[in-house]
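Taking it in order: structure first as structure tokens, then the write-up.
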């Protein structure tokens, strides 16, 4: 497998606070790699740097061999990186199908926004296929804002998938979910990881240990450890600073 994303010396300062400190990170094509760490470890800032939401103070981000350091979020998205955030970012007044279709339309450079959506069967078919994959096709005509919290989070993932990314960033996809919803989300993540490279930020260690090929641990903005789930599970330093000494 080839290296898809690599950061070198990635650093972000906010005044006197260093939120991300000289992080060297890489993920290979086809992997699912989780990023864990205590609150304030720099996980969210690291995500925002990769997605282009904020610019680094120093360091480099390379995606598919191209330097994307400092590119705007829209440019990063069009390069093939999508994000599904912890706080859902859907269009609550549109239908479930319309939410995914709008995202799919954003990748059609010749799309005429004012033409009838029904005339673009390819886009609609793509959106329906995504809804089938994420288990929401039966709700396609429902208003998105009326979905349950768990279904809205699945829709957020569907919107990200509609942009046809090569790399998907998932920000705490099981936060606030019931055990049943969490299990469904785990199975969905496993399914989409068969054809996508994924970076996952997640607090639930049972989820992380089940789905991850590799795990990166951040602590006070710095890289503490990287390795397989077994490597991290058996790392005494990780257990001390993050897992309360408990082996998971």
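The values are calculated or read from the model by the stated rules, or taken from the named source; none is laboratory data. These numbers were taken from a predicted model, which means no experiment stands behind them. Here the Cβ positions follow ideal geometry from the backbone for every residue, glycine too, while neighbour counts run over all protein chains shown.
Okay, residues lined up against (1) farther than 15 Å from residue 27 by Cβ; (2) in contact with a helix residue (DSSP H, G or I) (Cβ under 8 Å, 6 or more places away or on another chain); (3) at pLDDT below 95:
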site: 57; (1), (2), (3): yes, no, no
site: 73; (1), (2), (3): yes, yes, yes
site: 81; (1), (2), (3): no, yes, no
site: 84; (1), (2), (3): yes, yes, yes
site: 93; (1), (2), (3): yes, yes, yes
site: 96; (1), (2), (3): yes, yes, no
site: 101; (1), (2), (3): yes, yes, yes
site: 105; (1), (2), (3): yes, yes, yes
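Yes/no per residue for (1) under 18 Å from the mean Cα position of the chain (by Cα); (2) under 20 Å from residue 46 (Cα atoms); (3) surrounded by fewer than 18 Cβ atoms within 10 Å (Cβ to Cβ):
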site	(1), (2), (3)
191	yes, no, yes
195	yes, no, yes
203	yes, yes, yes
208	yes, yes, no
217	yes, yes, no
235	no, no, no
239	no, no, yes
242	no, yes, no
